[in-house]
Amino acid sequence: MNDLHPPATLGRPLLRDRLGRTLRDLRVSVTDRCNFRCVYCMPKEVFGKDYQFLERKELLSFEEITRLARIFTEQGVEKIRLTGGEPLIRRNLEQLVAMLAAIPGLDLTLTTNGSLLSQKARSLKDARLKRVTVSLDSLDDAVFRRMNDVDFPVTRVLAGIDAAAEAGLAPIKVNMVVKRGMNEESILPMARFFRKQGHILRFIEYMDVGHTNGWRMDDVVTAREIVSLIDAEMPLEPADPNYRGEVAERWRYRDGSGEIGVIASVTQAFCRDCTRVRLSTEGKLYTCLFATHGHDLRTLLRGGASDAEIRDVIHAVWAKRTDRYSEIRTAETAQLRKIEMSYIGG
Ligand code: SAM
Ligand code: SF4
Ligand code: SF4
């Protein structure tokens, strides 16, 4: 199972890992910095004034990212998501978007906290970004400010979403992480609002990423709870996945007024179909969001390796892959020293 299979799609060989999973999605973290301190991701006590972020020279350059992206797409990657940290605080990100958009057949998207979207939506669209996912955890300003922990107002994120819609970065998806005791009261108002707006709202179970957010199972509001809460007011029915391996489980409003998604990474693990790989800001390759170490591609890039040599390393890493963290998560594994999400790219 871990070898190269005969040509399958578009004449390309399909690369498979030890569990038979192909490599389809690449997430690229373009910065480990962020202007928010979301309590579940970059808690202030850890990511404070003394926190050592990466230095500029440690970051992959746009040329290095684009070169790797080309190599990955030649190996079957069809979709690239730019993430971080907050990707829109990386200077001249539009340049990178334009460079990646020139790769034929690539589905290029970006996840952002929306804080800079009002200013940047148009230039991102002009650089040929296809669409965006915006993270927003509440419409209640006090709750939202508590969660981003930098006193950022909800109105500015909503303005960013409007700007993205106007620029045509659609369909827009809105991601809401639900943490018990923080924002479960916001589930219904968010569902009502985005149903009217026509954007796809997706609820994410709070996860034990990294090792700094003090995760406890009790804090997880499960996808089941969320679906039944919404269904009681706005009846839902299951919808088929758009494609195999889709992370969000889709639910449609029975009256035809749109859909929501739930990402049940804790209670209904989807490792079986996980086709994602992550490239950290400094060029390490991680085959799982919960990995404890990555493979250094930057040294290869800067040491003069050829495309073929880099490709062979990617093949070797993927061929060895056995990750299925969410399927085997326990209270003990949750305590492991894992890589922070803001660095590896959510
Ligand atoms: N800064 C951007 C943003 O917030 O959209 C991109 C990076 S962020 C790490 C990517 C996604 O991960 C966001 O939608 C965020 O809500 C989600 N996330 C971060 N920490 C999480 C956690 N502990 N559990 C579940 N989702 C989390
Ligand atoms: Fe920043 Fe995104 Fe993490 Fe919030 S979730 S702290 S916006 S990287
Ligand atoms: Fe993929 Fe790892 Fe998440 Fe499982 S836990 S779905 S293998 S990233």
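Per-structure values
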{"item": "Label point distance in nm, K44-R145, each placed 7 Å from Cα along Cα→Cβ", "result": "1.2 nm"}
{"item": "Segment M217-S123, length gained on full extension (0.36 nm per residue, minus Cα span)", "result": "29.7 nm"}
{"item": "Total lysine pairs whose alpha carbons fall under 15 Å of each other in the chain (8 or more apart, or interchain)", "result": "6"}
{"item": "Segment K320-F193, extension gain: residue separation times 0.36 nm, minus the distance between their alpha carbons", "result": "41.3 nm"}
{"item": "Neighbourhood charge, 15 Å Cβ-Cβ cut-off, centred on S306 and excluding it, Lys, Arg +1 and Asp, Glu -1", "result": "-1"}
{"item": "Taking K44, K79 and counting other C-beta atoms within 10 Å, the order from fewest to most", "result": "K44, K79"}
{"item": "Rounded FRET efficiency, nearest 0.05, which uses the C-beta distance separating I103 from S257 and R0 of 30 Å", "result": "0.25"}
{"item": "Amide H within-cut-off set for R33, under 5 Å, with H built and near neighbours excluded", "result": "E86"}
{"item": "Candidates per chymotrypsin sites (Phe, Trp or Tyr not before Pro) in segment 205-306, loop by DSSP, up to 12 other Cβ within 10 Å", "result": "Y243"}
{"item": "Karplus-derived 3J(HN,Hα), 6.51/-1.76/1.60, for each residue of segment 192-200, Hz, glycine and proline x", "result": "4, 5, 6, 5, 5, 6, x, 9, 8"}
{"item": "Relative contact order [Cα under 8 Å, 6+ residues apart], segment 25-344, whole percent", "result": "20 percent"}
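Any read-out appearing in this document is the output of simple, stated calculations on the displayed coordinates, not a laboratory observation. Owing to the predicted nature of the structure, the values given are computational and were not obtained by experimental measurement. Methodologically, a virtual Cβ is constructed for each residue, glycine included, from the backbone with ideal geometry; neighbour enumeration extends over all protein chains shown.
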